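First up is the structure itself, then whatever we jot down about it.
The values are calculated or read from the model by the stated rules, or taken from the named source; none is laboratory data. Nothing here was measured: the structure is a model prediction, and the numbers come from that model. With ideal geometry, Cβ positions are generated from the backbone for all residues, glycine too; neighbour counts draw on all protein chains shown. Just the protein is used for accessible areas: all its heavy atoms, side chains included, with ligands, DNA and RNA removed. Shrake-Rupley method; radii C 1.70, N 1.55, O 1.52, S 1.80 Å.
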Amino acid sequence: MNDEVYHQEGMGKRNSVESVSQARSMAANGFKKNYGTAYDEDNEDNSCCSVIITLFSYILVFLTLPLSIWGCIKVVQEYERAVIFRLGRLKSGGAKGPGLFFIIPCIDTYRCVDLRTGAFDVPPQEILTRDSVTVNVDAVVYYQVSNPLAAICNNDDYNRSTRLLAATTLRNVLGTRNLSEILSDRESIADSMHQTLETATDPWGVHVDRVEIKDVRLPLQMQRAMAAEAEATRDARAKVIASEGEQKSSKALKEAADIIASSPAALQLRYLQTLHSISAEKNSTVIFPLPMELVGAFAEGTESFLRRRKKTTDEEDF
């Protein structure tokens with residue numbers, strides 16, 4: 001009775017030591033279990049069956065040499081890693097590769113993980129912004145697997161999960177922004193999405209390199225309204241600039257008139273300068289100089305004639 005108790009205690013200690021060593025090995029490889037198991041079953045029957053099946057598989061491999069060697073040796077590329085499971089349990093030692101690695105066909109299974117950077121398009125998402133404008137936005141996400149063990153064990157399909165998470169993150173982030181912020185602050189939106197995706201996909205062994213907003217499509221009526229608003233703004237700005245130019249030119253003309261009025265010779269010099277500039281151009285323009293005094297006398301004579309005529313007409317009426 002005591003021998004059986006000691007034997008069971010020894011098996012329990014051995015199983016606990018194996019569990020601790022396997023946990024340390026997984027921790028050294030940067031892998032942390034994230035799936036929903038309440039406990040790992042590690043009883044005596046399971047251990048004995050595993051030893052018997054493993055021993056039988058080794059014997060079978062040796063008996064069938066050299067034919068069995070083709071099923072035992074596998075190759076993974078430089079950009080791949082192999083995650084090996086022995087009798088359903090993750091084999092210690094981490095992911096294998098690149099190059100050759102050895103498995104036992106009867107009890108080992110493996111899955112290859114591509115470590116190269118991949119990209120996918122986030123489908124266009126119809127989003128209602130904070131200022132109640134409906135827009136269609138799509139993006140592109142660049143990612144790669146950083147931990148093959150976590151990518152295989154903690155998620156059934158890390159590619160699909162990352163795609164769905166990117167789509168929901170895009171909707172959540174843009175739903176808190178105004179239309180003007182979406183159109184002008186694409187880099188900050190991409191950075192916010194990148195941080196959110198990086199935090200969420202880290203337990204899956206996936207590293208998000210970068211996120212880019214591709215296109216923001218507005219409804220046709222909204223495009224027309226924004227174009228009309230921009231055109232009206234440009235017209236108003238043009239009118240303001242033209243009025244400011246007229247104001248400055250009128251001030252300059254007033255100052256020039258004051259200077260010319262203070263010196264009668266200045267007007268004659270300006271007149272000669274105008275003749276010189278006109279004559280410099282090769283045209284058929286004919287200019288007749290007319291003194292301003294003659295024009296003034298003619299204007300005064302016309303005004304006196306009109307006054308006399310009006311007076312005569314008034315006398316005839318009486």
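Using the Cβ-Cβ distance between Thr109 and Asp209 with R0 = 25 Å, the FRET efficiency computed as 1/(1 + (r/R0)^6) comes to roughly 0.25. Each peptide among 161-171, 78-88 gets the average number of other Cβ atoms lying within 10 Å of its residues, and from highest to lowest they stand as 161-171, 78-88. Rounded to the nearest 20 debye, the dipole size of segment 38-133 about its Cα centre is 420 debye, using +1 on the Cβ of Lys and Arg and -1 on the Cβ of Asp and Glu. Take segment 51-191 with all the other protein chains still there, run a 1.4 Å probe, and you get 54 Å² of accessible area per residue. Distance between the 7 Å Cα→Cβ label points at Arg89 and Glu246: 9.3 nm.
Straight Cα distances below 30 angstrom link Lys32 to the lysines Lys13, Lys74, Lys91, Lys96, with same-chain residues fewer than 8 positions distant left out.
Full extension of the segment from Leu220 to Leu63, taken as 0.36 nm per residue of separation minus the current Cα-Cα distance, would add 49.1 nm. Residue-wise HN-Hα couplings along segment 62-76, as the Karplus relation 6.51 cos²θ - 1.76 cosθ + 1.60 with θ = phi - 60° gives them from phi, are 5, 6, 9, 5, x, 5, 6, 5, 6, x, 8, 9, 10, 10, 10 Hz; Gly and Pro carry x. The label-point distance for Thr134 and Trp70, in a model that sets each label 7 Å from Cα toward Cβ, rounds to 6.1 nm. Other residues within the sphere of radius under 10 Å centred on the Cβ of Asp114, judged by their own Cβ, net out at +1 (K and R +1, D and E -1). Each part reduced to its alpha carbon centroid, segment 97-112 and segment 232-254 end up 81 Å apart. Can you list the lysines whose alpha carbon sits under 30 Å from that of Lys254, skipping same-chain ones fewer than 8 residues off? Counting by Cα, and skipping residues close in sequence, Lys254 has these lysines nearby: Lys239.
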